[in-house]
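These notes concern the structure reproduced below.
Readers should treat all values here as calculations from the given coordinates under stated rules, not as data from a laboratory. All figures in this text were calculated on a predicted structure; none of them were measured in a lab. In this analysis, Cβ positions are derived from the backbone assuming ideal geometry, glycine residues included, and neighbour counts consider all displayed protein chains.
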Amino acid sequence: MHAAGPCALTLYLLEYGDGYFAENPDAQLALVDFVRGNRTPVPQVSVSGEVNGLAPFEVEFSSAGTTDAYGDRLAYAWDSDADGVVDSRVQNPTFTYEENGVYEATLKVPDQTGPGRTGRSAAASVRITVGNTAPVVEFVTPVDGRTSPSSTGWPSRSRSPTTRRSTARGSR
Ligand SMILES: [Ca+2]
Ligand SMILES: [Ca+2]
């Protein structure tokens, strides 16, 4: 018995024809695709600026770095206020939050595949906090004499975090 693994071979053939960047009847991008299945896009979400602020709070989102392994054309669907309704379909939208709250701003990226291939999508999100500053996460070391919350779950490594000091030790 031969168990066939995933098989993928994609060949792009770009024919320029007689000129660049002009209406050119003999220029074409040919795609020869021996793909069984499809690779899921990998979305990236970032924010230029702060992720928390006071209402009305304007946020500039970015999808820079979003990729698809086979270079499929991608669509962008942003639900910035996490109400289930798409707010924007551009790559880098701006959204203004009028109400206080904590929002998981989500970008869903479906790929646009040709016939015979199943489209896939993936999502990434970033948390936006309006009306409050985000809580600062503090690393609390266990108190001496206390055991971990579960007798089985937690590794009992009790190394205290080492402080790395970058000392500028020049040689001249
Ligand atoms: Ca894909
Ligand atoms: Ca929405």
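Side notes on the structure shown:
- Two-decimal Rg/Rh across the stretch 39-130, once Rg and the Kirkwood Rh are taken from alpha-carbon atoms: 1.03
- Distance (nanometres) between label positions extended 7 Å along Cα→Cβ at Ala77 and Val42: 2.3
- If R0 equals 41 Å, the separation of the Cβ atoms of Ala123 and Asp144 corresponds to a calculated FRET efficiency of about 0.40.
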